[in-house]
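J.: Input: one structure, supplied below.
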Amino acid sequence: MSAEVKSPNPTTEAEPTASSATVPMWLIALMLLLLLGGAVYFDARGGWFDARVYRPFAALPEQFQPPPPDGPDLRPGRRIYDAACAACHMVNGVGNPAVNAPPIAGSDWVLADGPNRLIRIVLDGLTGPIEVSGKQYGGGVMTPFKGTFTDEEIAQVLTYIRRNPDWKHDASEVTAEQVAKIREQTKDRAINWTPAELLTIPAKD
Amino acid sequence: MTAPAVTNRPAALAADSSTAGIDASCRLPLFMLFGGAAFWLVLGSIFGFIASLKFHKADFLADAAWLTFGRVYPASTNLLVYGFAIPVALGVALWMLARLGRVQLARPWLVTVGAKLWHIGVCVGLIAILAGEATGFEWLEMPRYAAVILLLAYLLIAVWAFSTHHARKERTLYPSQWFVLAALFWFPWIYSTATLLLQFFPVRGVTQAAIAWWYSGNLLFVWLALAGLASSFYFLPKLVGRPLQSSYLALFVFWTLILFGTWVGIPAGATLPAWMPTLSNMAAMMMVVPAAAVVLMVVQTTRGAKTACGGGPLCYMKFGTGALALSVLLLAASGLPFVNRFTDFTWFGTAKLQLWVYGFFAMTLFGAVYYILPRVAGFELPAAKAVRVHFWCGVIGTLLFALPLAIGGVLQGVKLANPDIPFTDVTKATLMFFRLGTMGELLILAGNLLFLFNIGAVLVRYYLAVCRAACADLTAPLPTAEVKP
């Protein structure tokens, strides 16, 4: 213990005072510099206080821009993927071994010639061990999305995963008509697909 | 009364504005605030220790619902802030207001009632959290019936703090008084707003998350900072015997802290309109400005002073400043997009908060309490050596907890971003850092026990003396003049 506690309660104990030295200029300069940096940062990412701008977008035109001139519009599919699929397959499509979810990115199932098997998986779900791109994945269960999404939405999300440039995917687009056809063919099915069953169905018509 | 140290009769002290008189007027309220705070602090760190053991052995105490992670972890954080930080800061604030105003504390007995009520509120909140009634909003887990008690108790204490300040004899304000007064207003504003909008009349959707983050940011980065800096700006000049450098710099710290601190708290990955996390991250980076000013101030005030700190209050204050600087650097770094891409949702945030809440705030306030306690009690601390041991437990414990987790958090984030590493491997890889962190937590717990021991010993010794004096009064022979023939 330091000396000042040795004698508690001295009759008069001086209270601290403050000097009136000025604030150094470099501190003000640092603040202005950081404020400038902050303003640039906000301008680049803040969406200018527009409540409709969410990450990963930084401005309104970016979020509502017209579809790309070549190829289908991937943004609606991306929104569905992030909301419904990313919980297990992850936003970056690498899958999650903890829940036996195989990867989407680079998957030979996703990049097949046609979407016939993919559409069935999304409609009625999948169960049992599956081999993806030459690697075995344990017996996870994917739930059916038959009642959740419309033909249009399933087509959008499948188009997104088949053509996502981030994963260097460039497979064919999926249309709502293809989904509607398979939904009609399998409307009486009440159980998940198994990989073995799916492999008997041609990937492409 | 035989012992002058325990004289507490209002009549004897009413007009006494000497430091001894002022200290005596603060005695009972401060005993109540500090004693309860030390108890909750130890209990909170025990809960925190149980929570961290679950990362090493998941089935540890998993059979009792009230000892599961989801309950003991919020119990520990809430006890740290509501049980320890707020009452201890209020106690130090009351004492500083009385001392700086050269006036006795107004209505000490009502403040004591307020302090008791506050501890009852914390007790109710703790039981509610352990019973599974927590609200689910981080740092605001105590349900609304506990919140009402806490708010009433706070107001009861704050009213007499303002009354004391109003009656001050020294009219010139010292910087610590600005900080204390702002803090006194800040808490009821944010706490009532958050409680009303989240628990009584819940707002819809993502607005709830925004309000919860706003509240916790303000509580941790404005309220704790105001209360902690008020103490270091008061005690540092006092302990080194030099004037504070300077009053203008303190003004600069005050306004930049309030201006930037109030926006901090929304993580970069929050699912809110993009401007909210962006502005919050920008404010986190701007916090470097007040932190740099604080460091400059502390260095200029203490530089060249020949006072050795020897593990006493001065050491605590200096370490607190260092921890503040380090924590703000981590905070500012996590505002940068190329850093928070890796650090969001990792141990990095825990390390940053521990440095802030324990390293800066708690250590500064420990120093203040160790300085005040012998003065208001009227005798030396019973275990003066424990103060130094507590200091080193706190320093090593904080660093051992925060540094490995900060490093481990960055590595965890980098691995999480790599699709080739499975999630379970990433989690397992953080265990080594977490083991070090648990060691740090044990040291902190040991330090907190020493704190409780010192305060408890002061209280026991004081009340024993009071009882003895009362017994002596009762058993003393009646003065002969009053004996009727």
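Derivation of every value follows stated rules applied to the coordinates shown; laboratory data play no part. All values reported here derive from a predicted model rather than from experimental measurement. Cβ coordinates were reconstructed from backbone atoms using ideal geometry, including for glycine residues, and neighbour counts include every protein chain displayed.
J.: Within segment A:60-136, list the chymotrypsin sites (Phe, Trp or Tyr not before Pro) lying in a DSSP loop whose Cβ has at most 13 other Cβ atoms in a 10 Å radius.
T.: Numbers: sites: A:PHE64, A:TYR81, A:TRP109; in loops: A:PHE64, A:TRP109.
In loop regions of segment A:60-136 (DSSP not H, G, I, E or B), the sparsely surrounded chymotrypsin sites (Phe, Trp or Tyr not before Pro) are A:PHE64.
J.: Name the long-range amide H neighbours of A:GLY114: under 5 Å, sequence gap of 5 or more, or other chain; modelled H, no Pro or chain starts.
T.: Here A:LYS204 satisfy the definition.
J.: Note down the Stokes-Einstein diffusion coefficient of segment B:1-172 in µm²/s, whole number, using a Kirkwood radius over alpha carbon pairs, 25 °C, and 0.890 mPa s. Intermediate results must be reported in sequence, preceding the final value.
T.: Working: Rh = 17.4 Å.
So the translational diffusion coefficient is about 141 µm²/s.
J.: Please work out the FRET efficiency for the pair B:ALA446 and A:ALA29, using the Cβ-Cβ distance as r and a Förster radius of 51 Å; give the result to the nearest 0.05.
T.: The computed FRET efficiency comes out at 0.70.
J.: On average, how many beta carbons from a partner chain sit within 10 Å of the beta carbon of a residue in A:94-100?
T.: 3
J.: Give the peptides B:456-468, B:314-326, B:257-269, B:228-240 in descending order of average Cβ contacts within 10 Å, highest first.
T.: Those peptides, ordered most packed to least, come out B:228-240, B:314-326, B:257-269, B:456-468.
J.: Taking H as built 1.01 Å from N, whose amide H comes closer than 5 Å to the amide H of A:ASN96, not counting residues under 5 places away?
T.: A:ALA101
J.: Further question on the same structure: Return the calculated 222 nm mean residue ellipticity for chain A, to the nearest 500 deg cm²/dmol, obtained by summing -39500 (n - 2.57) across DSSP H runs with n ≥ 4 and dividing by the residue count.
T.: On the way: 8 runs with 72 residues, N = 205.
Mean residue ellipticity, 222 nm, calculated: -10000 deg cm²/dmol.
J.: Right, here's the next one. If you take the beta carbon distance between B:THR307 and B:ASP63 as r and set R0 to 41 Å, what does 1/(1 + (r/R0)^6) give as a FRET efficiency, to the nearest 0.05? Write out the running numbers ahead of the final one.
T.: Numbers: r = 53 Å, r/R0 = 1.30.
Efficiency, from the Cβ-Cβ distance: 0.15.
J.: Kindly express, to the nearest 10 degrees and within the range 0 to 90, the angle between helix B:431-475's C-alpha long axis and the longest C-alpha principal axis of chain B.
T.: The angle comes out near 10 degrees.
J.: Let me ask another. Calculate the mean, over all residues of peptide B:379-385, of how many other protein chain Cβ atoms lie within 10 angstrom of the residue's Cβ. All intermediate terms of the calculation are to be shown ahead of the outcome.
T.: Working: counts 2, 5, 3, 0, 0, 3, 1.
Rounded to a whole number, the mean comes out at 2.
J.: Subtract the Cα-Cα distance of A:ASP73 and A:ALA14 from 0.36 nm times their separation in residues, and report this length gain in nm to one decimal.
T.: On the way: separation 59, 0.36 × 59 = 21.24 nm, distance 7.41 nm.
That works out to 13.8 nm of additional length.
J.: Please list B:360-371, B:135-146, B:437-448 highest first by mean number of surrounding beta-carbon atoms within 10 Å per residue. Write down the numbers at each step before the final one.
T.: Details: B:360-371: 27.6, B:135-146: 19.5, B:437-448: 21.0.
Those peptides, ordered most packed to least, come out B:360-371, B:437-448, B:135-146.
J.: Helix-only estimate, please: 222 nm mean residue ellipticity of chain B, summing -39500 (n - 2.57) across DSSP H runs of length 4 or more and dividing by its residues, to the nearest 500. Display every interim value, and only then the final one.
T.: Details: 19 runs with 343 residues, N = 485.
Computed mean residue ellipticity for chain B: -24000 deg cm²/dmol.
J.: May I pose another question? If eta is 1.306 mPa s and T is 10 °C, what Stokes-Einstein diffusion coefficient results for the protein assembly as shown, Kirkwood Rh from Cα pairs, in µm²/s? Show your work: numbers first, answer last.
T.: Values: Rh = 28.4 Å.
Reported coefficient: 56 µm²/s.
J.: Right, something else. Holding the Cα-Cα limit at 28 Å, pick out from A:LYS168/A:LYS204; B:LYS116/B:LYS385; B:LYS318/B:LYS385; A:LYS135/A:LYS204 the pairs that are longer than that. Write out the running numbers ahead of the final one.
T.: Numbers: A:LYS168/A:LYS204 21 Å; B:LYS116/B:LYS385 30 Å; B:LYS318/B:LYS385 19 Å; A:LYS135/A:LYS204 23 Å.
Cα-Cα > 28 Å for B:LYS116/B:LYS385; rest within.
J.: Compute the relative contact order of chain B as a whole-number percentage, counting only Cα pairs closer than 8 Å that sit 6 or more residues apart in sequence. It would help to have the intermediate numbers written out before the result.
T.: Working: 703 pairs, mean separation 79.3, N = 485.
It comes to 16 percent, rounded to a whole number.
J.: Whole-Hz Karplus ³J(HN,Hα) for segment B:106-118, in order, using 6.51 cos²θ - 1.76 cosθ + 1.60 and θ = phi - 60°, x for Gly and Pro?
T.: With coefficients 6.51, -1.76 and 1.60, one gets 7, 6, x, 5, 6, 5, 4, 4, x, 5, 4, 4, 4 Hz.
J.: Checking the a/c ratio against 1.5 first, then a/b against b/c, what shape does the Cα gyration tensor give for chain A? Walk me through the intermediate numbers first.
T.: On the way: a/c = 3.88, a/b = 2.27, b/c = 1.71.
It is prolate, given that a/c is not under 1.5 and a/b is the larger ratio.
J.: Do you know the relative contact order of segment B:336-475, to the nearest whole percent, from alpha carbon pairs under 8 angstrom that are 6+ apart? If you can, show how the numbers build up before the last one.
T.: Numbers: 126 pairs, mean separation 48.6, N = 140.
35 percent.
J.: Based on Cβ point charges of +1 for Lys and Arg and -1 for Asp and Glu, what charge dipole magnitude is obtained for the protein assembly as shown about its Cα centre, in debye rounded to the nearest 20? Mind dumping the intermediate values first?
T.: Details: 49 positive and 39 negative charges, 464 e Å.
Dipole size: approximately 2220 debye.
J.: Considering only A:ALA196, A:ASN92, A:GLY147, whose Cα is most displaced toward the positive end of the charge dipole of segment A:75-199, charges sitting on Cβ of Lys, Arg (+1) and Asp, Glu (-1)?
T.: Most positive-ward Cα: A:ASN92.
J.: Sticking with this one: Using modelled backbone amide H atoms (1.01 Å from N, in-plane), which distant-in-sequence or interchain residues come within less than 5 Å of B:LEU244's amide H?
T.: Correct list: A:THR17, A:ALA18, A:SER19.
J.: Output wanted: per-residue J couplings in Hz (rounded whole) for segment B:58-67, from phi through Karplus 6.51 cos²θ - 1.76 cosθ + 1.60, θ = phi - 60°, x for Gly and Pro.
T.: 4, 8, 5, 6, 7, 7, 9, 4, 6, 10
J.: I've got another one for you. What ranking do B:LEU173, A:LEU199, B:LEU355 get, fewest neighbouring Cβ atoms within 10 angstrom at the top?
T.: On the way: B:LEU173 15, A:LEU199 12, B:LEU355 28.
Ascending Cβ contact count within 10 Å gives the list A:LEU199, B:LEU173, B:LEU355.
J.: Mean separation of Cα pairs under 8 Å and 6+ residues apart, divided by the residue count of chain A: what relative contact order is that in percent? Intermediate values should be presented prior to the final figure.
T.: Values: 242 pairs, mean separation 37.8, N = 205.
RCO, chain A: 18 percent.
J.: Turning to a different aspect of this structure: Calculate I(q)/I(0) for segment B:334-485 by the Debye formula, one identical point scatterer on each C-alpha and no solvent, and give its log10 at q = 0.08, 0.09 Å⁻¹ to two decimals.
T.: For the requested q values the scattering log ratios are -0.42, -0.48.
J.: Further, regarding this structure: Roughly what % of DSSP beta bridges within the protein assembly as shown run antiparallel, to the nearest 5?
T.: DSSP beta bridges in the protein assembly as shown are roughly 80 percent antiparallel.
J.: For peptide A:34-47, compute the average count of partner chain beta-carbon atoms within 10 Å of each residue's beta-carbon. The partial results should precede the final answer.
T.: Details: counts 9, 5, 0, 3, 10, 1, 1, 8, 6, 1, 2, 9, 9, 5.
The shielding value for this peptide is 5.
J.: If one takes the longest principal axis of the Cα atoms in chain A, at what angle in degrees, from 0 to 90 and to the nearest 10, does the Cα axis of helix A:151-163 lie?
T.: Between the helix axis and the principal axis of chain A, the angle is about 70 degrees.
J.: Moving to a separate point now. Could you check the spin-label model distance between B:ARG388 and A:ASP205? Points 7 Å from the Cα along Cα→Cβ, value in nm.
T.: 8.7
J.: May I pose another question? Quick one: what are the phi-derived ³J(HN,Hα) couplings along segment B:337-352, Karplus 6.51/-1.76/1.60 with θ = phi - 60°, whole Hz, x for glycine and proline?
T.: Along segment B:337-352, the couplings run x, 6, 8, 6, 4, 9, 9, 4, 6, 10, 5, 4, x, 4, 4, 4 Hz.
J.: What percentages, rounded to whole numbers, describe P(r) for chain B computed over all alpha carbon pairs with 20 Å bin width beginning at zero?
T.: Using 20 Å bins, I get a P(r) of 23, 57, 17, 3, 0, 0 for chain B.
J.: Can I ask one more? For labels at B:TYR248 and B:PHE55 in the simple 7 Å Cα→Cβ model, what's the distance in nm?
T.: With each label placed 7 Å out from Cα toward Cβ, I get 4.6 nm.
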